[in-house]
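The values are calculated or read from the model by the stated rules, or taken from the named source; none is laboratory data. What you see is a predicted model; the values in this text were computed from it and never measured. Methodologically, a virtual Cβ is constructed for each residue, glycine included, from the backbone with ideal geometry; neighbour enumeration extends over all protein chains shown. All accessible areas refer to the heavy atoms of the entire protein, side chains included, with ligands and DNA or RNA removed. Shrake-Rupley method; radii C 1.70, N 1.55, O 1.52, S 1.80 Å.
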Amino acid sequence: QVQLVESGGGLVQAGGSLRLSCAVSGGIFSSYTMGWYRQIPGKEREWVAHITPGGGTDYSDSVKGRFTIFRDNAKSTVWLQMNALKPDDTAVYYCSGRAQLGAVDPRLYWGQGTQVTVSS
């Protein structure tokens, strides 16, 4: 059973920084593409960033240059470093993981979410 557990959310002032962590258990972490999403209640979940098993990264335009996603396969953990935070970054942030197509378990897994609040 694959489980993802986020941590690191909290309250921060605009311009500040925060690092989110996602610990993965029960799967082959090194084979997963890992991602971060965020959601405001009543709105659609928004993709933020992802990192491939090979370490390739991509970011949404709204966070590019401010956020960094990175992973440590030995620790089965992925992080999202958030700098220069803005009030409109306020959301519940979710970690996701999925093996490549053709894998034995192709399901998309989600963490429980962690609240990030940026004050102005």
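In nm, what is the difference between 0.36 nm times the number of residues separating ARG19 and LEU101 and their Cα-Cα distance?
My answer for the length gained is 26.5 nm.
Let a ≥ b ≥ c be the square roots of the eigenvalues of the Cα gyration tensor of region 53-120; is it rounded (a/c under 1.5), or, if not, prolate (a/b larger than b/c) or oblate?
Taking the square roots of the gyration eigenvalues as a ≥ b ≥ c, region 53-120 is prolate.
All other residues with a Cβ under 9 Å from the Cβ of GLN39 taken together, and with Lys, Arg as +1 and Asp, Glu as -1, what is their net charge?
Once all neighbours under 9 Å are counted, the net charge is +1.
Given a cut-off of under 8 Å on Cα pairs at least six residues apart, what relative contact order in percent is computed for region 38-87?
RCO, region 38-87: 23 percent.
For THR90, THR68, THR77, what's the largest-to-smallest order of accessible area, 1.4 Å probe?
I get THR68, THR90, THR77, largest accessible area first.
Counting Lys and Arg as +1 and Asp and Glu as -1, what is the net charge of the other residues whose Cβ lies under 12 Å from the Cβ of PHE67?
+2
Could you give me the ³J(HN,Hα) list for region 97-105, computed from phi with Karplus coefficients 6.51, -1.76, 1.60 and θ = phi - 60°, whole Hz, x at Gly and Pro?
Each residue's phi maps through the Karplus curve to give x, 7, 6, 5, 4, x, 5, 4, 10 Hz.
With a Förster radius of 25 Å, plug the Cβ-Cβ distance of GLN39 and LYS86 into 1/(1 + (r/R0)^6) and report the FRET value to the nearest 0.05.
It comes out at approximately 0.90.
Could you work out the local net charge near TYR93, counting Lys and Arg as +1, Asp and Glu as -1, over the other residues with Cβ closer than 13 Å to its Cβ?
0
How big is the Rg/Rh ratio for the chain, C-alpha atoms only, Rh by Kirkwood, two decimals?
Rounded to two decimals, Rg over Rh is 0.96.
Return the single residue from ARG98, ARG45, ARG71 with maximal mean-square fluctuation; model: Gaussian network over the chain, springs between Cα atoms under 10 Å.
Per the Cα network of the chain with a 10 Å cutoff, ARG45 tops the list.
Per residue, how many Å² of accessible area does region 7-120 show with a 1.4 Å probe?
Result: 52 Å² per residue.
Within the chain, what whole-number % of the accessible surface is contributed by carbon and sulfur, with the 1.4 Å probe and all protein chains included in the calculation?
About 51 percent, which is the carbon plus sulfur part of the accessible surface.
In whole angstrom, how far apart do the alpha carbon centroids of region 95-120 and region 21-70 sit?
7
Once the convex hull of the C-alpha atoms of region 43-84 is built, how many Å³ does it hold per residue, rounded to a whole number?
Spread over its residues, the Cα hull of region 43-84 gives 88 Å³ apiece.
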